[in-house]
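Chemist: Below are the structure tokens for one structure; questions will follow.
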Amino acid sequence: MAALQDDPLRPDDADAYRKALRAARERSGLPVAFGGDVADGVLRLSQFVGVRTAGLRGLAVRAETGLGGQVLARRRPAAVADYRTAASITHDYDGPVLAEGITGVVAAPVVVAGRVRGVLYAATRDHAAPGARGADALVDA
């Protein structure tokens, strides 16, 4: 795997994430998209489209915590219609998520060679649930 990462012809992961996030945002119509790589079982948010604050930048998300940690651990997309009141997730990251004004959010794993390499999110700032359209856009990206 290290040889792949050192290959000068291999696209940069950051570029790939930005492209996927822009495509997901455009396709879903949702105003916010973000994501990042997984290393040593921890997701680090590093790529953002449509955010208003810096609160999510560099956030380290552990498996099973929050929506992204749930996606990381279960290896499948998940969503919440109202992040603030969702009983299906832990609320370890309420501060930065709610400061960004995010309400509904959907997340999907980036799986490469059977391993979760990252997580992509799309989110709303109103009370409309991100729905299947948001999930489909992330999975397609």
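The values are calculated or read from the model by the stated rules, or taken from the named source; none is laboratory data. What you are looking at is a predicted structure, and each value in this text was computed from that prediction instead of being measured. All Cβ positions, even for glycine, are placed from backbone atoms using ideal geometry, and neighbour counts span all protein chains on display. For the accessible areas, the whole protein counts, side chains as well, though only heavy atoms, and no ligand, DNA or RNA atoms are used. Shrake-Rupley method; radii C 1.70, N 1.55, O 1.52, S 1.80 Å.
Chemist: Looking only at the range 92-100, decide whether some residue is farther than 15 Å from Val51 by Cβ, modelled with pLDDT of 95 or more and assigned to a loop (DSSP other than H, G, I, E, B).
Modeler: yes
Chemist: Related question: Name the single residue that is surrounded by the most Cβ atoms within 10 Å (Cβ to Cβ) among those in the range 101-125 being part of a strand (DSSP E or B) and β-branched (Val, Ile, Thr).
Modeler: Among those residues, the one meeting the criterion is Val106.
Chemist: Let me ask another. Assigned to a loop (DSSP other than H, G, I, E, B) and at pLDDT 85 or above: which single residue out of Leu30, Leu45, Leu9, Leu21 fits that description?
Modeler: On the way: Leu45 fails: assigned to a loop (DSSP other than H, G, I, E, B); Leu9 fails: at pLDDT 85 or above; Leu21 fails: assigned to a loop (DSSP other than H, G, I, E, B).
Exactly one of Leu30, Leu45, Leu9, Leu21 is assigned to a loop (DSSP other than H, G, I, E, B) and at pLDDT 85 or above, namely Leu30.
Chemist: Quick check on my filter: what residues within the range 41-83 are of a type outside the set (S, T, N, Q) and over 22 Å from Arg25 (Cα atoms)?
Modeler: The answer is Gly41, Val42, Ala60, Arg62, Ala63, Glu64, Ala73, Arg74.
Chemist: Do we find a residue being at pLDDT 90 or above and open to solvent by 20 Å² or more (accessible area, probe 1.4 Å) anywhere in the range 126-136? So that I can check it myself, show each step before the final result.
Modeler: Step one: list which residues in the range 126-136 are at pLDDT 90 or above, which gives none.
No: the range 126-136 contains no residue that is at pLDDT 90 or above and open to solvent by 20 Å² or more (accessible area, probe 1.4 Å).
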